[in-house]
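*Asks:* There's a structure below that I have some questions on.
The values are calculated or read from the model by the stated rules, or taken from the named source; none is laboratory data. This is a predicted model, so every value here is computed, not measured. When we count neighbours, we look across all protein chains shown, and the Cβ atoms used for this are built from the backbone with ideal geometry, even at glycine. Remember, those area values only see protein heavy atoms, side chains included, never the ligands or the DNA or RNA. Shrake-Rupley method; radii C 1.70, N 1.55, O 1.52, S 1.80 Å.
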Amino acid sequence: MNEETLPIITFYTRSRCPLCEDAKLMLNLIKDDIPFVLKEYDIDESDELTERFGLMIPVVEINGEIIQYGQIDYFTISKRLHEKS
């Protein structure tokens, strides 16, 4: 698979967020098994993103659809990635 055909995961996070750090580790574990493109955004760098996701982070979107927020788990994300591929 080339990068153009891979699913895109958009990961909304912020610094000093333990849940975000856990989610990032989880995404890296998933990426070892299922290839995808990861785009990461710190919501504190954008008023719009802070307003949209302030209490929800971390947030994982796949191809623009919010899949999970708060607690991110391996099973849910990997299942959705398999459905998208």
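*Asks:* How large is ³J(HN,Hα), in whole Hz, for each residue of region 65-82 in order, when computed from phi with the Karplus curve 6.51 cos²θ - 1.76 cosθ + 1.60 and θ = phi - 60°, using x for Gly and Pro?
*Replies:* Per residue, the Karplus-derived 3J(HN,Hα) values read 9, 5, 9, 8, 8, x, 7, 9, 10, 4, 4, 4, 5, 5, 4, 5, 5, 4 Hz.
*Asks:* Just grab the label-to-label distance for Asp22 and Ser78, each label 7 Å out from Cα along the Cβ direction, in nm (one decimal).
*Replies:* Placing both labels 7 Å beyond Cα along the Cβ direction yields 1.8 nm.
*Asks:* Excluding ligands, DNA and RNA, what is the solvent-accessible area per residue of region 20-65 at a probe of 1.4 Å, expressed in Å²? Don't jump to the answer; show the numbers that get you there.
*Replies:* Details: 2790 Å² over 46 residues.
Computed with neighbouring chains in place, this is 61 Å² per residue.
*Asks:* For the Cα atoms of the chain, what angle does the longest principal axis make with the long axis of helix 18-33, in degrees from 0 to 90, nearest 10?
*Replies:* Helix 18-33 and the main axis of the chain meet at about 10 degrees.
*Asks:* Moving on. At a 1.4 Å probe radius, carbon and sulfur cover how many percent of the accessible area of region 22-83?
*Replies:* Carbon and sulfur together cover 49 percent of it.
*Asks:* May I ask you to compute the full-extension gain from Asp44 to Leu29, defined as 0.36 nm times their residue separation minus their alpha-carbon distance, rounded to one decimal in nm?
*Replies:* Result for the pair: 2.9 nm of gain on full extension.
*Asks:* Still on this model: If eta is 1.567 mPa s and T is 4 °C, what Stokes-Einstein diffusion coefficient results for the chain, Kirkwood Rh from Cα pairs, in µm²/s?
*Replies:* Values: Rh = 12.9 Å.
Rounded, D is 100 µm²/s.
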